[in-house]
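The values are calculated or read from the model by the stated rules, or taken from the named source; none is laboratory data. Keep in mind it's a predicted model, so treat the numbers as computed, not measured. Reconstructed Cβ throughout: ideal geometry from the backbone, glycine too, with neighbour counts over all protein chains shown.
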Amino acid sequence: MDVRHAIAVLLSTTLLPVAGHALERPESATNVAQNYVLFCGGCHGDAGRGVPHKVPALAGKIGRYLHVDGGREFLIRVPGVANSQLSDAAAAAVMNLCLEKFTAPAERAGIAPYTAADIAAARRQPMLEVERVRHALLAQAGVGDAEIAVDY
């Protein structure tokens, strides 16, 4: 076996993901935090403040969705989550980090953590009218039109 062939075999078996599968790695707390920074933080920011009228804030806002019908599912059906390059398990871990980091304990009380199966199911149901669904859910949660308009 020549050196080039040996390198090709090594790369194909250890470093490159199998076609159709996300590259997996153990989900340590560090990896989850890094995934948030890489896949979410560029727009939402480390503090989850978003960009007014462009990128929704997460901090102090996503908890509103957790106790309305369809709200928990909405959070994982938004395009940034559903279309993420993260594996289902990695996306679930990042969403659970977001719940812990950006909601009050009372808001997430009684809410099951996201699972890889939740993410997989959400990815099979693309959301076509994000703004309409978002507005309806926030109205159901008792958020007024003026605040909804300011939030996004």
From the list Arg72, Arg64, pick out the single residue that is under 15 Å from Ala121 (Cβ atoms), over 11 Å from the mean Cα position of the chain (by Cα) and buried (at least 17 other Cβ atoms within 10 Å of the Cβ).
Arg72
From the list Ala112, Ala106, Ala122, which residue is small (Gly, Ala, Ser) and either buried (at least 17 other Cβ atoms within 10 Å of the Cβ) or touching a Cys at 6+ places or on another chain (Cβ under 8 Å) (or both)?
Ala122
Which pairs turn up if I take residues in segment 42-71 that are touching a residue at least 40 places away in the same chain (Cβ under 8 Å) and under 11 Å from Leu137 (Cβ atoms) and look for partners that are basic (Lys, Arg) and outside any loop (DSSP other than H, G, I, E, B) with beta carbon separation below 7 Å, at least 6 apart in sequence or on another chain?
Tyr65/Arg72; Leu66/Arg72; Leu66/Arg108
Scan of segment 101-137 for residues that are at pLDDT 95 or above and under 19 Å from Cys43 (Cα atoms), ordered by number
Lys101, Phe102, Thr103
Report the residue count in segment 121-133 for those that are part of a helix (DSSP H, G or I), without any contact (Cβ under 8 Å) to a residue 60 or more places away in the chain and more than 12 Å from the chain's Cα centre (by Cα).
4
Filtered residues of segment 85-114 (kept if assigned to a helix (DSSP H, G or I) and of a type in the set (Gly, Ala, Ser)):
Ala89, Ala90, Ala91, Ala92, Ala93, Ala106
Right, Ala89: in contact (Cβ under 8 Å) with a residue 12 or more places away in the chain, farther than 18 Å from Gly50 by Cα, surrounded by 14 or more Cβ atoms within 10 Å (Cβ to Cβ) and among the small types (Gly, Ala, Ser) or not?
yes
